[in-house]
Ligand SMILES: NC(=O)c1ccc[n+]([C@@H]2O[C@H](COP(=O)([O-])OP(=O)(O)OC[C@H]3O[C@@H](n4cnc5c(N)ncnc54)[C@H](O)[C@@H]3O)[C@@H](O)[C@H]2O)c1
Ligand SMILES: [Zn+2]
Ligand SMILES: [Zn+2]
C-alpha cells in the first residue's frame with residue numbers, strides 16, 4: 001500500500017530545520033505484514049530527543065530512514081502466526097522488539113534483547129527485513145517502528161495491546177517518555193518512599209521521571225534544567241526545589257539544602273554535562289542513574305576513588321528497565337487514577353508537513369512533547 005511518511009535523507013544538517021529540511025515527506029510503498037508482523041494505522045506519534053539525535057548525527061543510523069518511535073495506533077491487519085491481536089485493537093509501540101529467546105529476554109530484560117538491538121542498529125525489523133520502499137529502493141526502519149507515517153508494519157513484539165478509552169496523543173507518550181522516565185525511577189532505581197531525588201533535564205523523559213517520583217512517594221524532588229519554562233513546569237508537577245544549571249554555585253547549593261546530596265539523581269538530558277551534575281549532587285552511598293543517549297564518542301569521567309570510598313552506584317537505564325507488556329498497562333492504570341498525569345507533557349500537536357519546525361522547537365527546548373496526529 002502507499003503511505004505518507006517522514007524520511008530522513010541526510011545527517012547533521014544545520015538548524016533551523018525549517019530551512020535546511022532534513023526530513024522530507026515522501027510517498028512510500030509499504031509491504032504487507034509478514035510472518036509475526038502487524039500493520040497498524042498510526043494515530044499519534046511524539047517527537048522525542050532520540051529522533052532528534054538521529055537527525056543531528058548524535059545517534060548515527062543508516063539512511064534513508066523513516067523516523068518516529070513513540071506512537072500509538074490501531075491494528076489493521078495481522079501477518080501469519082499472530083494470534084493474539086486483531087483488527088481494531090489499540091496498541092502502543094515499544095522501541096525495542098524482543099525475541100523472547102535470547103538470554104536477556106529469558107532473564108526478563110526484554111529491553112536488552114540482543115536480536116532486537118541488532119535489528120534496531122541495522123534499521124530493519126526483528127526478522128531482518130525491510131518493508132518500506134521509495135522509488136523501488138528500500139528505506140530503513142527507525143527502531144522497528146517508523147511511526148511518523150499514517151501506517152507502519154512492525155514486529156508483533158513491538159506492540160503492546162492497551163485499553164481503548166484513552167486518547168491516542170496521550171497513549172503515544174507511554175511508548176517512550178513515560179516508560180523510560182517512570183521506569184528509571186521505579187524499576188532501575190527502585191526508589192524508597194520518602195527518599196530524596198534529583199532530575200537533571202526536564203524534557204519528556206525527565207518530567208515523566210518527576211511524575212514517577214511523585215507517585216512513588218519521593219520526599220524531596222530537586223529539578224534541574226537550563227530552561228526556565230521547564231523549571232516552572234516541574235514545580236507545577238511536584239518538584240519541591242528547582243535549580244537553573246546556568247547559575248553559578250547551584251551544585252553546592254543543592255548539596256547544602258539536601259544535607260550532602262540526594263539519594264538518587266537521574267540524568268535525563270542526554271549530555272555529559274548533565275551527568276556530571278547528577279554525579280556531583282548524589283550523596284555518599286547514593287545512586288546516579290542515566291537515561292540519556294549522548295553521542296557515542298562523548299565520555300563521562302569521575303574520580304574513581306569516590307565510587308569506592310563513598311560506595312556510590314552508577315546505573316544505566318534503557319527503556320526504563322521495563323517489561324513493556326507488564327509496565328505499560330500498569331502505568332496506564334495509574335494515569336487513569338490521576339496518579340501519572342502524562343497529558344501535562346503535551347505541548348501541542350502538528351501535522352506531518354510541520355515536522356521540521358517541530359524538531360526546531362524540541363531542539364530549542366521550547367517544547368516538551370509535540371505530537372503528530374493523523
Ligand atoms: N534510555 C532510554 O531508553 C531513552 C528513551 C528515550 C529517550 N532517551 C534519551 O533521553 C534524553 C532525553 O530525552 P527527551 O526526549 O526527554 O529530551 P528533551 O530534549 O525533551 O529534554 C532534554 C532536556 O534537558 C535539558 N538539558 C540539556 N542539557 C542540560 C544540562 N546540561 N543541564 C540541565 N538540563 C539540560 C534541556 O533543556 C531539555 O529540557 C535524550 O538523550 C534521549 O535520546 C533515552
Ligand atoms: Zn524516544
Ligand atoms: Zn531477545
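Just one of the listed residues (316, 348) is within 16 Å of the chain's Cα centre (by Cα) and away from ligand 3 (no atom under 16 Å from the Cβ), and it is 316. Applying the set (1) assigned to a helix (DSSP H, G or I); (2) touching a strand residue (DSSP E or B) at 6+ places or on another chain (Cβ under 8 Å); (3) under 20 Å from residue 71 (Cα atoms) to residue 183 leaves exactly one unmet item: (2).
Regarding residue 183, is this residue at pLDDT 95 or above, within 16 Å of ligand 2 (Cβ to nearest atom) and in contact with a helix residue (DSSP H, G or I) (Cβ under 7 Å, 6 or more places away or on another chain)? Yes; evaluated as a whole, the condition is true for this residue.
Residue by residue through region 11-24, note down the ones that are assigned to a strand (DSSP E or B) and surrounded by 17 or more Cβ atoms within 10 Å (Cβ to Cβ). Answer for region 11-24, where residues must be assigned to a strand (DSSP E or B) and surrounded by 17 or more Cβ atoms within 10 Å (Cβ to Cβ): just 23.
The numbered conditions (1) closer than 23 Å to residue 354 by Cβ; (2) surrounded by fewer than 18 Cβ atoms within 10 Å (Cβ to Cβ) are all true for residue 46 except (2). Restricting 371, 355 to those that are in a helix (DSSP H, G or I) and modelled with pLDDT of 95 or more reduces the list to 355.
Exactly one residue among 40, 23 is more than 16 Å from ligand 1 (Cβ to nearest atom), in contact (Cβ under 8 Å) with a residue 40 or more places away in the chain and more than 26 Å from residue 76 (Cα to Cα), and that residue is 23.
Strands (runs of 3 or more DSSP E) fully within region 68-166 that include at least 1 residues being away from ligand 2 (no atom under 16 Å from the Cβ) and within 14 Å of residue 31 (Cα to Cα): 70-78, 132-134, 137-141, 151-155.
Screening residue 114 with (1) more than 16 Å from ligand 1 (Cβ to nearest atom); (2) out of contact with any strand residue (DSSP E or B) (no Cβ under 6 Å at 6 or more places or on another chain); (3) under 25 Å from residue 371 (Cα atoms) gives one miss only, at (3). Does any residue of region 278-294 turn out to be touching a residue at least 60 places away in the same chain (Cβ under 8 Å), under 22 Å from residue 53 (Cβ atoms) and surrounded by fewer than 24 Cβ atoms within 10 Å (Cβ to Cβ)? Yes: one or more hits. Total residues in region 111-135 satisfying the condition of being over 18 Å from residue 293 (Cβ atoms) and either within 12 Å of ligand 3 (Cβ to nearest atom) or surrounded by fewer than 22 Cβ atoms within 10 Å (Cβ to Cβ) (or both): the figure is 11. All of (1) away from ligand 2 (no atom under 16 Å from the Cβ); (2) at pLDDT 95 or above hold for residue 319 with one exception: (1). What number of residues within region 264-299 satisfy the criterion of being within 16 Å of ligand 2 (Cβ to nearest atom) and over 21 Å from the mean Cα position of the chain (by Cα)? The total comes to 0.
The values are calculated or read from the model by the stated rules, or taken from the named source; none is laboratory data. Only a predicted model underlies this, so the values are computations on that prediction, with no experimental measurement involved. Quick reminder, even Gly has a Cβ in these numbers, built from the backbone with ideal geometry, and neighbours come from all protein chains shown.
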